[in-house]
Every structure is written in structure tokens, then in C-alpha cells.
Amino acid sequence: MIDMQRDFLLPGGFGESLGNDVSQLRRTIAPLAALMAAWRTAGLPIIHTREGHLPDLSDCPPAKLNRGAPSMRIGDPGAFGRILIRGEYGHDIIDELQPLPGEEVIDKPGKGAFYATDLSEILDKSGVKSLIVTGVTTEVCVHTTVREANDRGYECLVLADCVGSYFPEFQRVGLQMIAAQGGIFGWVAQSPEVLTALQEQK
Ligand code: C5J
């Protein structure tokens, strides 16, 4: 589950302060909560990621820092603490989808979940070869992660109702890009299909 963080999703937070419509992301919360409940019941592992940086920004290169609105950059004060800084309230995962004790939480400085993290080792250790990828935003961190995962040999299924973009057009095209050309770097489905499959396995 990619970056379901307060900074991106909470009304009044960083995402909304940039003029984004957070309801486009928040519509993923209910299907994700249902999916996670079924996934946990089936005894399957959930890995959560959070995009963010060290308080001294030493892990945030200028190429990333100097982007976006000049008054609202990573590390600047926001409504929920310093924006995308580890340990701040806004950096953490929204209350509705908090990890359970024992679930992996990967703090990533990049858009992709593999860059500068131990995700590869975690997956290797557990023998996982197929991923269901959810979270936000579809065209940025979800896309980067799925592309990286596919290059590393993982099968990726992206659930359309469990990924979100602030921009409906990017959501639509972002999903099309994954599934085009016979699934060029992944597959796209809806979470009820997964819920049914989990049910059938019982
Ligand atoms: C962005 C993300 N959009 N989690 N981050 O900056 O997609």
C-alpha cells in the first residue's frame, strides 16, 4: 500500500493546499479498508510505504526539493507538521488504514518503493513474486513502484478502485498505460474481484 499518508489525503493538508481535490484520493479509503481486512484474514502480508525525508533533508536531493510551489515544499511547515518529514503527524498513514503491529512499514525517500529501501530484501526473504499494488498517487508513486517491480521480475496487479490521483484524467490514463499492450508492466482489476478470489480460496 503506497503512501496513504495524511499529507496527501487529509482535508486542509499539503495536497489540498496545492489546490488538489483530495476527494479523488479519499474514495480509495473504503475499498482499501475492505481489501486489507480480507487480506489479513487470509493471512497474507501487507507492506505499507510512506514517502518522506529526514528532518535535515540530507536524503532529499535539490532535484526533488526544488519542485512544486515555492512556499509549500518538502520540509516547509504545513497544517500537520513539516511537509513529508519523518516523524511529523502529516507524514504518517491515515487513521483508517494504520498498519497493524508486525506489518512492514517502508520509509522511502523516492517515488518508487525500491529506491533506497530494503523492500527487495523483504520480498526476497518471504519468497513473494506477485504484488497487488494500491495507494496514491496513481501516476507518480504507484506507477514508479510498479515499473520498478516489473523490472525486478515481480508480477503486479493494480486495483483501480484502490489507487487514486488528484486528476481524473491521470487516473484514467495512468491505469490504461499499465494495462496497454497486453499489460506492458502490470495488470489492472477492481478490488471486488480480489475479494471474490479470496473468498473462493477459503
Ligand atoms: C507524490 C506520491 N505524488 N506518493 N507522491 O508526490 O505519489
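The values are calculated or read from the model by the stated rules, or taken from the named source; none is laboratory data. It should be emphasised that the depicted structure is a prediction, and the values quoted were computed from it without experimental measurement. No Cβ is skipped: glycine too gets one built from the backbone with ideal geometry, and neighbour counts run over all protein chains shown. Side chains included, ligands, DNA and RNA excluded: accessible areas come from the protein's heavy atoms. Shrake-Rupley method; radii C 1.70, N 1.55, O 1.52, S 1.80 Å.
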Residue list for the range 124-139, restricted to those being touching a Phe, Trp or Tyr at 6+ places or on another chain (Cβ under 9 Å) and either without any contact (Cβ under 8 Å) to a residue 40 or more places away in the chain or closer than 12 Å to residue 185 by Cβ (or both): 129, 130, 131, 138, 139
Answer from 79, 116, 69 - the residue that is touching a Pro at 6+ places or on another chain (Cβ under 6 Å), of a type outside the set (Phe, Trp, Tyr) and touching a residue at least 40 places away in the same chain (Cβ under 8 Å): 116
Members of the range 3-18 found to be part of a loop (DSSP other than H, G, I, E, B), within 14 Å of the ligand (Cβ to nearest atom) and either surrounded by fewer than 17 Cβ atoms within 10 Å (Cβ to Cβ) or of a type in the set (S, T, N, Q) (or both), listed by number: 18
Positions within the range 19-33 being more than 15 Å from the chain's Cα centre (by Cα) and either acidic (Asp, Glu) or part of a loop (DSSP other than H, G, I, E, B) (or both), in sequence order: 19, 20, 21
Subset of the range 83-108 (residues that are in contact with a Lys or Arg (Cβ under 8 Å, 6 or more places away or on another chain) and either assigned to a loop (DSSP other than H, G, I, E, B) or acidic (Asp, Glu) (or both)): 83, 86, 88, 92, 94, 100, 107
Residue 122 vs. criteria away from the ligand (no atom under 16 Å from the Cβ), open to solvent by 10 Å² or more (accessible area, probe 1.4 Å), within 13 Å of the chain's Cα centre (by Cα) and not aromatic (Phe, Trp, Tyr): no
Selected residue (criterion: farthest from the chain's Cα centre (by Cα)) from residues of the range 34-82 that are away from the ligand (no atom under 16 Å from the Cβ) and assigned to a strand (DSSP E or B): 77
Search result, residues across the range 39-49 that are touching a helix residue (DSSP H, G or I) at 6+ places or on another chain (Cβ under 7 Å), surrounded by fewer than 17 Cβ atoms within 10 Å (Cβ to Cβ) and among the hydrophobic types (A, V, I, L, M, F, W, C): 42
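Here are 78, 68, 52, 110: which of them is in contact with a Phe, Trp or Tyr (Cβ under 6 Å, 6 or more places away or on another chain) and either open to solvent by less than 50 Å² (accessible area, probe 1.4 Å) or at pLDDT below 95 (or both)? Let's see the steps before the verdict.
Values: 68 fails: in contact with a Phe, Trp or Tyr (Cβ under 6 Å, 6 or more places away or on another chain); 52 fails: in contact with a Phe, Trp or Tyr (Cβ under 6 Å, 6 or more places away or on another chain); 110 fails: in contact with a Phe, Trp or Tyr (Cβ under 6 Å, 6 or more places away or on another chain).
From the options 78, 68, 52, 110, the qualifying one is 78.
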Members of the range 146-202 found to be touching a Lys or Arg at 6+ places or on another chain (Cβ under 8 Å) and open to solvent by less than 20 Å² (accessible area, probe 1.4 Å), listed by number: 154, 164
When residues of the range 81-107 are limited to those that are within 14 Å of residue 51 (Cβ to Cβ) and aliphatic (A, V, I, L, M), the one surrounded by the most Cβ atoms within 10 Å (Cβ to Cβ): 84
